[in-house]
Amino acid sequence: MWPDEADVPTEPDGIARFRCVIYLCGAPGTDLRTPREGCTEYAEAFGWEISDVVEEHAGSLPPELRDGLRRAVERVQRGEAGAVLTAWRSMISPVPQEYDATAREIEKAGGFLHVQGYVHQREDRKP
């Protein structure tokens, strides 16, 4: 006998969706709306729950001096997210050693750093 559809849970007990925190950084005055939308769509495509969106306009400050990035990493450390999702590597750091150090810090906390790699296409372009 098959169970009624009403008897089947929509989500298995004890299994939560994977959570991420979106981290975006730009120069002062930068509009982060488009990369935020790209990261949000990307997370939703994978079924990830977004636990927080952290935006800061820290310009070229090194990662260790950015309060917003600290908050994003702390979300992973507290188990509130399993990943930090960003639009481009340069939002963490254009310096490979700084980027790698940040990725290692997130990995030590039990998560991972993921770059969405959003490519902005101008609306006036034809495919």
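Brief remarks follow.
- FRET efficiency for the pair Thr30 and Glu64, taken as 1/(1 + (r/R0)^6) with r the Cβ-Cβ distance and R0 = 22 Å, rounds to 0.60.
- With a cut-off of 9 Å between beta carbons, the residues surrounding Ile50 carry a summed charge of -2, where Lys and Arg count +1 and Asp and Glu -1.
- Debye log10 I(q)/I(0) at q = 0.10, 0.11, 0.12, 0.17 Å⁻¹ for region 22-127, Cα point scatterers: -0.27, -0.32, -0.38, -0.75
- For Phe18, the accessible surface of its heavy atoms amounts to roughly 80 Å² (probe 1.4 Å, protein chains only, rounded to the nearest 10).
The values are calculated or read from the model by the stated rules, or taken from the named source; none is laboratory data. These numbers come from a predicted model, not from an experiment. All Cβ positions, even for glycine, are placed from backbone atoms using ideal geometry, and neighbour counts span all protein chains on display. Calculation scope for accessible area: heavy atoms of the full protein, side chains included, ligands and nucleic acids excluded. Shrake-Rupley method; radii C 1.70, N 1.55, O 1.52, S 1.80 Å.
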